[in-house]
1. Could you identify which residue out of His65, His121, His17 has the top mean-square fluctuation in a GNM of the chain using Cα springs shorter than 10 Å?
2. Taking the Cβ-Cβ separation of Ile111 and Thr31 as r and a Förster radius of 35 Å, what is the calculated FRET efficiency to the nearest 0.05?
3. Restricting to Cα pairs below 8 Å that are 6+ residues apart, what does the relative contact order work out to for region 2-51? Please round to a whole percent.
4. Sequence gap at least 6, Cα distance under 8 Å: using those rules, report the relative contact order of the chain to the nearest whole percent.
5. Hey, can you grab everything whose amide H is under 5 Å from the amide H of Ala67? Only 5+ residues off in sequence or another chain; H modelled, so Pro and N-termini drop out.
6. Could you give the length gained by full extension between Ala120 and Ile2, i.e. 0.36 nm per residue of separation minus their alpha carbon distance, to one decimal place?
7. Using just the helices of the chain, give the 222 nm mean residue ellipticity in deg cm²/dmol: DSSP H runs with n ≥ 4 each add -39,500 (n - 2.57), and the total is spread over all residues, rounded to 500.
Amino acid sequence: MIEAAHVVADEARLALHRWIDAGRRAGLSWTEIGALIGISKQAAQQRFGGGRTDDLDDTDHIVRHGANAFNEMAIMAEEGAKGRELVGTGMLRLTFVQTDRAWEYRRMVGIGPDTEAMAAHGWQLVSSWLPFHYFKRSVG
């Protein structure tokens, strides 16, 4: 239950950042966002970093928008074949960087994937977005 609570807390934090990012794109001000969560405009702006939902800078990142549970595996296969490594997932978005090798991806469903068993087969956890967990490994 501790592990499950940790996953839920982490997903809630990510969801808050994503909704704030969506609110900013929809035109909400930092004052409005701060008021919604009970903090000042400056605190909201500092805490949520101008709407960034991850720690990536925008340099050399390829972002595919419109990814969902029904099409994201096809998008990942397409990008992986082009040598694009998945480095982040988000609401309706997959983020890649260009590399010199092909990549394959796997999506698992559930709480607390067995990352050790996956690592034994060369898979590396990219991220989790309940209920999905995304893994990658280079091909060849």
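1. Of His65, His121, His17, the Gaussian network model singles out His121 as fluctuating most.
2. Calculated transfer efficiency: 0.40.
3. Relative contact order, region 2-51: 29 percent.
4. After rounding, I find 19 percent.
5. Correct list: Arg93, Leu94.
6. 40.0 nm
7. When only DSSP H runs of four or more count, the value is -12000 deg cm²/dmol.
Here, each number is a calculation from the coordinates, and none is a lab measurement. Note that the coordinates shown come from a computational prediction; the quantities given were computed from them, not determined experimentally. Because the Cβ atoms are built from the backbone with ideal geometry, glycine has one as well, and the counts that use them run over all protein chains shown.
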